[in-house]
Structure formats: C-alpha cells, structure tokens
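Worksheet: the structure to be examined is printed underneath.
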Amino acid sequence: MLAVAALVGLIGWSAGYDLVVDQPERGEAIVVLGGDHNDVRYRHGLELLQQDYGKLLLLDSNTDELQFGRPLADQATEFVQRSGGALSDRVKVCPIEGDSTVMETRYVESCLQGPNVRSIVLVTSSFHTRRALSIFRQRLPQYHWSVAAVTDESRFRPQWWRRREWAKTTFMEWTKLIWWEAVDRWRP
C-alpha cells in the first residue's frame with residue numbers, strides 16, 4: 001500500500017514537469033502557435049528569430065474570432081508592424097480558424113507552402129509543448145519539428161500544486177494529451 005501511495009505521489013509530483021519540452025533547434029522557420037496569452041509566445045518567437053533560429057516567423061492568429069469588433073488576425077498584423085521593429089518584414093501572420101491544435105496544423109501547412117522550409121521551431125506555452133510537438137510531427141511529417149517552451153506564470157508552472165490556476169491547467173492539458181494519444185492520433 002505504501003508503495004502504491006509513493007508511486008501515485010511521484011506521478012503527481014512530476015505531472016507538470018512531464019508536460020514540458022524545451023529543445024529548440026535552428027531551422028528555416030519559427031511558428032508561434034495561436035492561443036497566446038499576454039503576447040509571451042510572440043515575444044519569445046521574436047527573440048528566437050533575432051537569434052537566428054529561423055529566417056521567417058509565422059504568427060498563427062484567428063480570423064474567426066473577434067475582439068472589439070475586429071478579427072484577431074487583423075489586429076495581429078497591425079501589432080506585428082508596430083512591435084516587430086527591424087524584424088517585422090520577416091514576420092507573417094498565418095490566418096487560422098478554430099481552437100484545436102490538430103486543426104491548426106492544416107493552416108500552418110498552407111502558410112508554409114512556397115518558402116523552402118524543412119525544419120521548424122514551434123513556439124508555444126510550456127504546458128502545451130509535449131502535445132503540440134507530437135501533433136505536428138504526426139500530422140506534418142514532411143518537416144523536422146522542434147519546440148521552444150514559453151513560460152507564463154499566470155497560467156502554469158510545473159509545480160502545479162502551488163496555485164489553483166496551475167493545477168487546472170495541468171489537469172486540462174493531461175486530459176487533452178491523453179485524448180490525443182488514445183483517440184485523435186489514430187483518426188485520419
């Protein structure tokens with residue numbers, strides 16, 4: 001009984017840590033996944049672009065979601081022009097729809113058409129890295145994928161038991177990861 005309790009404790013303690021993969025590799029492009037919170041993904045993507053982890057940055061942004069009466073993708077395009085500085089000509093908004101990472105792969109694939117891209121760095125929230133990397137590798141195997149984790153302490157830290165929001169994020173991400181591995185991965 002004590003061994004079972006110790007095993008459950010160890011699994012619970014490592015649950016947040018096991019979600020995070022942070023191993024960016026240099027390539028031709030950087031893709032910042034949609035769902036950014038406080039612009040942390042975008043800003044980390046710009047840092048990686050400046051450090052030559054890619055020659056082009058694609059910023060995923062929704063065309064089917066409005067904020068203050070305008071599509072997010074339109075607002076993202078304007079924001080890139082204002083905030084990208086000397087890098088703004090190397091940043092393109094990739095218009096997406098929906099809120100599913102699996103669905104997002106279709107839009108990213110169409111945005112990658114044209115440029116000679118073989119290797120891509122995904123930029124996403126730290127808790128989302130393991131699942132996002134798995135999805136993109138499975139759905140778009142013609143590319144070499146790596147991932148860069150972005151920390152946003154308002155949403156997640158691996159020590160999930162310390163804050164209610166971190167615990168909710170950890171639980172939800174594990175639910176999505178298990179669903180991806182058990183169900184969605186096997187759908188065409």
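Of everything in the stretch 170-186 that's touching a residue at least 40 places away in the same chain (Cβ under 8 Å) and under 16 Å from SER100 (Cα atoms), which residue is surrounded by the most Cβ atoms within 10 Å (Cβ to Cβ)?
It comes out as GLU173.
Within the stretch 81-111, how many residues are in contact with a strand residue (DSSP E or B) (Cβ under 8 Å, 6 or more places away or on another chain) and either among the hydrophobic types (A, V, I, L, M, F, W, C) or not assigned by TED's automatic domain parsing to the domain that holds THR129 (or both)?
Qualifying residue count, the stretch 81-111: 8.
So which of LEU48, LEU59 ends up being outside any loop (DSSP other than H, G, I, E, B), touching an Asp or Glu at 6+ places or on another chain (Cβ under 9 Å) and in the same structural domain as SER134 (by TED's automatic domain parsing)?
Only one candidate qualifies: LEU59.
Select from the stretch 141-187 the residues that are modelled with pLDDT of 95 or more and of a type in the set (A, V, I, L, M) and list them in ascending order.
Result: VAL147, ALA148, ALA149, VAL150, MET172, LEU177, ILE178, ALA182, VAL183.
Considering only residues that are hydroxyl-bearing (Ser, Thr, Tyr) and part of a helix (DSSP H, G or I), look in the stretch 62-85 and name the one that is surrounded by the most Cβ atoms within 10 Å (Cβ to Cβ).
THR77
How many of the residues making up the stretch 143-162 are assigned to a loop (DSSP other than H, G, I, E, B), over 18 Å from HIS37 (Cα atoms) and free of Cβ contacts under 8 Å to residues at least 12 places away in the same chain?
The number of residues fulfilling the criteria is 0.
The values are calculated or read from the model by the stated rules, or taken from the named source; none is laboratory data. Just so you know, these numbers come straight off a predicted model, no measurement behind them. Because the Cβ atoms are built from the backbone with ideal geometry, glycine has one as well, and the counts that use them run over all protein chains shown.
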